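To keep things clear, I will list the structure first and then write my remarks on it.
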């Protein structure tokens, strides 16, 4: 079982290959292209499937009644089918073996994701209104900067003034979505030698906290946005940064705008510590209300193992899993949502949009 939140319907399944049968997926193996049949003990209705095949460039397709339902691998979703038999085709350049197979009837989800959008993709027309149909919030990563004194600036891009460029980005995004928009603000130094971003953040968000709150919230309101996002994932997640960010978040609440933060969480041995610390620092003990709207955890990759570990971690505060929109993200993102995770899709693109659509009410 991959996740305790998805019930595997493949229990007591028979795997048939070359006239022989077995009771476990590992029974099925071969060399080069091959096939096998999954025989359920009774008719099943399902809309999701996970399959892992060991083998060089191995890929699978499966179907029933002579119709192919899906081609690919990993976790896939599709319109519900009802059958007692699945026919599976495997293509591989050498020896292969089925590691695992799970079948699920996941409910349609209204869960929506945070889309972390790059300015260049917006202005180059790589995203459409349909791509944002299943998005709950958008982080706009453009050219907004703050220094250690809390001064906000806008970096010039290709000879265009920074403010003009950012204004075009905002207008382009607003034409595509009505979801809340968080302006990402990145740390920089404007006084000569550039120190580590962690140094700039420390002085801006702790030493000069009030100035930074005033200047950054003014920038949010100036462009008609709803919130701000700060990305800490370029450094390790240390308790000092968490605690001073907690103080900053409390001060930010008075601005009437939203706040999101991304942290590193690549070391899952510390996940319990992170979750416990976040709950203590970013939540009002009296009301139980969180000071931060999204706490996004970056694991440094996008794998089914990451999703399982994230969903297994216990936390008294809502956490969001960052998943980069790279090859194969559709299956991982759909699996995460079906497991009950809130996700943020970084470098948001059409692949991320397809993943969200796959688990929406259209399924």
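The values are calculated or read from the model by the stated rules, or taken from the named source; none is laboratory data. What you are looking at is a predicted structure, and each value in this text was computed from that prediction instead of being measured. All Cβ positions, even for glycine, are placed from backbone atoms using ideal geometry, and neighbour counts span all protein chains on display.
Number of residues in region 140-172 that are under 16 Å from residue 187 (Cα atoms) and either surrounded by 18 or more Cβ atoms within 10 Å (Cβ to Cβ) or in contact with a strand residue (DSSP E or B) (Cβ under 6 Å, 6 or more places away or on another chain) (or both): the value is 15. Checked against (1) surrounded by fewer than 22 Cβ atoms within 10 Å (Cβ to Cβ); (2) closer than 16 Å to residue 47 by Cα; (3) under 13 Å from the mean Cα position of the chain (by Cα), residue 303 passes all but a single condition, namely (2). The criterion of being touching a strand residue (DSSP E or B) at 6+ places or on another chain (Cβ under 9 Å) and modelled with pLDDT under 90 does not hold for residue 92.
The numbered conditions (1) over 18 Å from residue 181 (Cα atoms); (2) touching a helix residue (DSSP H, G or I) at 6+ places or on another chain (Cβ under 7 Å); (3) assigned to a strand (DSSP E or B) are all true for residue 106 except (3).
Working only within region 281-302, note down all residues that are more than 21 Å from residue 240 (Cα to Cα) and in contact (Cβ under 8 Å) with a residue 12 or more places away in the chain.
Residues satisfying the conditions are 300, 301, 302.
Counted as qualifying within region 161-264 are no strands (runs of 3 or more DSSP E), as none has 2 or more residues that are under 25 Å from the mean Cα position of the chain (by Cα) and at positive phi.
Looking only at residues of region 113-136 that are part of a loop (DSSP other than H, G, I, E, B) and crowded, with 19+ Cβ neighbours inside 10 Å, we find that the one that is modelled with the highest pLDDT is 127. Among the residues making up region 215-241, those that are closer than 15 Å to residue 203 by Cα and out of contact with any strand residue (DSSP E or B) (no Cβ under 8 Å at 6 or more places or on another chain) are 240, 241. Among the candidates 26, 71, the residue that is surrounded by 13 or more Cβ atoms within 10 Å (Cβ to Cβ), free of Cβ contacts under 8 Å to residues at least 24 places away in the same chain and either outside the structural domain of residue 311 (by TED's automatic domain parsing) or out of contact with any strand residue (DSSP E or B) (no Cβ under 7 Å at 6 or more places or on another chain) (or both) is uniquely 71.
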